[in-house]
Structure formats: C-alpha cells, structure tokens
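The values are calculated or read from the model by the stated rules, or taken from the named source; none is laboratory data. Computed from a prediction, not measured in an experiment: that's the story for all the values here. Quick reminder, even Gly has a Cβ in these numbers, built from the backbone with ideal geometry, and neighbours come from all protein chains shown. The protein model used for the area step is the full one, side chains on, heavy atoms only, and it has no ligands, DNA or RNA in it. Shrake-Rupley method; radii C 1.70, N 1.55, O 1.52, S 1.80 Å.
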Amino acid sequence: MNPLRFLLAPAAVFALALPAAAEKIPLGQLSQYLNQLTTAETDFTQVNSDGSISTGKLFIKRPGRVRFEYAPPDPNLVMAGGGQVAIFDSKSNQPPEQYPLSRTPLSLILAENVNLGQARMVVGHSEDGTSTRVRAQDPQHPEYGTIEMVFTANPVELRQWVITDDAGGQTTVILGELQKGGNLPASLFSVAAEERKRGR
C-alpha cells in the first residue's frame, strides 16, 4: 500500500450504517463544526484505491496537524506538521518522504480557518437521506484533487472522507467515534521528533 494515496488521491464507496438526517446541513454550520474541532483521536478504517483495507489510529490537532498510525502488519506512519506531510516506512532506513501539506486535499479541513462558503471551494453539496456530503477543492489549485466529507446530524459529526487525487485514484477513510478535546503533545506531529525516535 502506498499511504500517500489517501492524501493525494477517491476509493470505492464504503457503505455505512448512519443515523437519518432530516435535511442537508448548511455549509456555514459545517464550517463552524470543523473550526471548533481542535483536537480529536479515533480508530479509522482506510479503503485504498486498489481495494485493500488498512486500519489504525488517527490523531488530529488543528490547525495543520494529523497523524495516522497504521496497525500491524502495515509498517507505515503518515503525519503532517510544520506544513509538511511525512511518510515513514519502518522497513526502510531512508528518511521519510515529504510533501507540502498545501498540495493535498486534506489541508482543506486542517486549515486554521475553514470556510466552505468560499467561492469555488465546494463543488458538491448533497443529502442522501442519511448524511450530508460535501465535496471540496482548493479554489486556487483544483488540480490537487478533491476531498468529499460525509457528515451526520444531531449533533453534526464528521464520519468519513474520500480523497480523489489528480490521477483519479480514490481513498476512503472511515472514522470511529471521535474523542475530542484531549491534550495531544506537539511531538506526535513533529517530523524531526519522529526521526530522532527512530534513530535517524
């Protein structure tokens, strides 16, 4: 599995049993929810573009920081901090691959101020009877791909996202119950700290 695919690239639709929502959640309300989501951790399931499935633990610390710890036998760790995405492979002695976070659709929900009402950002906003789906892109760089977020209502909660890269590859991340408001140390999202921990 290439863990970068979930950041830069959409995946097979993954069916979810979600509680019913009465109507489409407004973009302003969804922006407010994301901006109030400062720290969170949860288990996740990732459906990759090749149909393979990975699981692990996700940590979010907005703005700009996220960490995906993959469960064995997957040796990878993906993290974002300091404006960079880093991919660590425990089987390799090489430094992590690094890419600018700004070039990934995930940066849209990790931004300091999420504004889904911004012109040309949201290219899809629908409700399917169980959830509200919002597909967004960087208005200045639509070529970076899109992120489709799935929310349920009462209360609003982010349940999954689907990232589509510039080549049309898809990766779905399904979230467990978000544990919000914890104190997540900065070292969890530090590429340099992770390199020191691994003796590199």
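So for the chain, taking the charge dipole from beta-carbon charges (+1 Lys/Arg, -1 Asp/Glu), which of THR146, THR171, PHE44 sits furthest toward the positive end? The residue sitting farthest along the positive end of the dipole is PHE44.
Per-residue Karplus couplings for the stretch 91-102, computed as 6.51 cos²θ - 1.76 cosθ + 1.60 with θ equal to phi - 60°, are listed in order as 7, 10, 8, 7, x, x, 5, 10, 9, x, 4, 5 Hz, Gly and Pro entered as x.
What length, rounded to one decimal in nm, is gained on full extension from THR39 through to ALA71, with 0.36 nm per residue of separation minus their alpha-carbon distance?
Working: separation 32, 0.36 × 32 = 11.52 nm, distance 2.11 nm.
This chain segment gains 9.4 nm when fully extended.
Taken about its Cα centre, the chain carries a charge dipole of roughly 500 debye when the Cβ of each Lys and Arg holds +1 and the Cβ of each Asp and Glu holds -1. Taken over the chain, the convex hull of the Cα atoms encloses 113 Å³ per residue.
Using unit Cβ charges (K, R positive; D, E negative) and no other charged atoms, how large, in debye to the nearest 20, is the dipole of the stretch 108-200 about its Cα centre?
In total the dipole reaches around 380 debye.
Less than 11 Å Cβ to Cβ from ASP166, Lys/Arg counted +1 and Asp/Glu -1: what total charge do the surrounding residues give? Combined, the nearby Lys, Arg, Asp and Glu give -1. Distance between the modelled labels on GLU97 and ALA111, one decimal in nanometres: 2.6 nm (7 Å Cα→Cβ projection).
Kirkwood hydrodynamic radius, computed over distinct alpha-carbon pairs, for the stretch 125-200: how many Å, to one decimal?
Here the Kirkwood hydrodynamic radius works out to 15.2 Å.
Segment GLN29..ARG198, full-extension length gain: 56.7 nm, with 0.36 nm per residue of separation and the alpha-carbon distance subtracted. Averaged over its residues, the chain has an accessible area of 47 Å² per residue, based on protein heavy atoms and a 1.4 Å probe.
Can you pull the percent of the chain's accessible area that's carbon plus sulfur, 1.4 Å probe, other chains left in place? Present the calculation step by step, with values, prior to reporting the outcome.
Details: 4540 of 9360 Å².
Looking at the chain in its full context, I get 48 percent from C and S.
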